[in-house]
Amino acid sequence: MRYVSTRDTSKTFEFKDVFIKGLADDGGLFIPETLTKYTENEVKDFKKLSYSELAKKIVYPFIGNFMSKAELSKIIDKSYSTFRRDNVVDFIKLGDRTVLELFHGPTLAFKDVAMQLLGNFYEYYLNNENQKINIVVATSGDTGAAAIDAIKGKKNVNIFVLHPDNRVSPVQRKLMTTGKDENVFNIAIKGNFDDCQNLVKSMFADKKFSNDIKMSGVNSINWARIIAQSVYYFYSYSSVEDASEPTNFSVPTGNFGDVYAGYLAKKMGLPIDKLIVATNQNDILHRAISKGSYEAEKVSETISPSMDIQIASNFERLIFDLNNGDDQQTSLDMKNIKENGQYLINEDKLNKISENFLSARMSEDETLEVIKNIYEKFDVVLDPHTAIGYGAFDKHNLKGNNIVLATAHPCKFPGAIQSAINVKAELPNELTFILDQKENYDIVENDIEKVKQHIKDRV
């Protein structure tokens, strides 16, 4: 399988290039030229597979000659051995919905499912290529911790994590900043997540800088993450599917990566009816899908900080599809977004979106109310992001198998939980030690030259 950029389909790339680069040199996102399509019977047969077995089947066609099936098998087994559930994820039934728990990895967030795999991909690549790279990643809270855990202590790779200063929860920050590994560098940026993300994009765009430090990225735009995340859509469908009913997923999302993985699964043959894009009050994706206006507004600070985003990077992949694979039109659209902060979606394209997606916006009060109601009815605590996904189903009358993605452990958001139900959400015992650990991070101005110099001084 070969890959192209959303902004230039004339050049093709191997998976190795796509994985290491993260972002194409022209600023576009990588997508495969073709997709493996699974028949209805093949999807039914997935029921027989464990999570790891299914991951091996789904991932291998995407990686080409990057490694053998046997090598991939070893890496997947190693990656998921760190999870607290034998089959990586778990399910609970809450009323008429199934909650897919994705937070049983080492840093208590769905990001672990993909990031543990990426960390071992890096190790494999660097052992074989005899070179050193520097990963630079922006985080709204969970990505950073997951990336650090996946990369820490590995040879020939450093990781620099940019998070918005005072805009992640204390537990999220401590999961990033209490480690002692020499290849990990935490940077608190005086700004919001979009500022962090823009800094990373600017560093990638500066070819001299990115080439000099051999820069790589693990944000949700990295195609390897999308592949890994698509697996749990197949697995959850196989686990809870009632063939007589349609299956819908509600996905709390800010950067459009996790829900795009579901869209990818659907394009590969998984019979998903609708994907609900569930947002907090930073609702650029909701406005785009429901009204056709993709227009950035000021980022609001919320109780669901991982979604406090107004630039949904992975949306470019959907724009490319809406343009029927026209790279030139996609380039123009992305240029317009950058220059004017706006992308207007016409009726034909909105109709095309509605074939696959719905959207919903949850206010702070609505989110807290969902947490409260679920706790009172089922004695289960949802984190605010999952509560948004759960509540989104209330805004759409969808029949069938309704699955909510639970993206983070509630202990990461103690303030929201306390406010909703006056209960302290406890860390799992194996992680309580971080609360007393000394933190290690530097605060840097939201200035590209200062950030680049900070990184260069430590490479």
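So here's what we get for this one:
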{"item": "Cα Rg, Dmax (largest Cα-Cα span) when computed across the range 1-58, Å", "result": "14.9, 42"}
{"item": "Calculated SAXS-style log₁₀ I(q)/I(0) at q = 0.10, 0.13 Å⁻¹ - the chain, Debye, Cα scatterers", "result": "-0.67, -1.24"}
{"item": "DSSP bridge orientation in the range 93-162 - percent antiparallel, rounded to nearest 5", "result": "25 percent"}
{"item": "Proxy reagent accessibility, fewest Cβ within 10 Å first, across D212, D142, D436", "result": "D436, D212, D142"}
{"item": "Highest-first arrangement of 90-99, 225-234, where packing means the average Cβ count within 10 Å", "result": "225-234, 90-99"}
{"item": "Ranked H396, H104, H163, criterion: other C-beta atoms within 10 Å, fewest first", "result": "H396, H104, H163"}
{"item": "Nitroxide proxy distance, nm - points 7 Å out along Cα→Cβ at E245 and K291", "result": "3.3 nm"}
{"item": "The range 328-357 versus the range 125-140: alpha-carbon centroid distance in Å", "result": "32 Å"}
{"item": "Euclidean distance between Cα centres, the range 30-51 to the range 226-285, Å", "result": "14 Å"}
{"item": "The range 307-429 - Debye-derived log10 I(q)/I(0), Cα point model, q = 0.13, 0.14 Å⁻¹", "result": "-0.70, -0.77"}
{"item": "Principal axis dimensions, largest first and in whole angstrom, of the range 53-140 by Cα", "result": "52, 31, 20"}
{"item": "Cβ-based exposure ranking for D25, D242, D333, in which fewest neighbours within 10 Å come first", "result": "D242, D25, D333"}
{"item": "Per-pair calculated FRET efficiency, R0 = 45 Å: Q453 and T432 via Cβ, rounded to 0.05", "result": "0.75"}
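Where a number appears in this text, it was derived from the coordinates with a stated rule and is not lab data. Remember, predicted model here, so these are calculated numbers, not experimental data. Cβ: placed from backbone, ideal geometry, glycine included. Neighbour counts: every protein chain shown.
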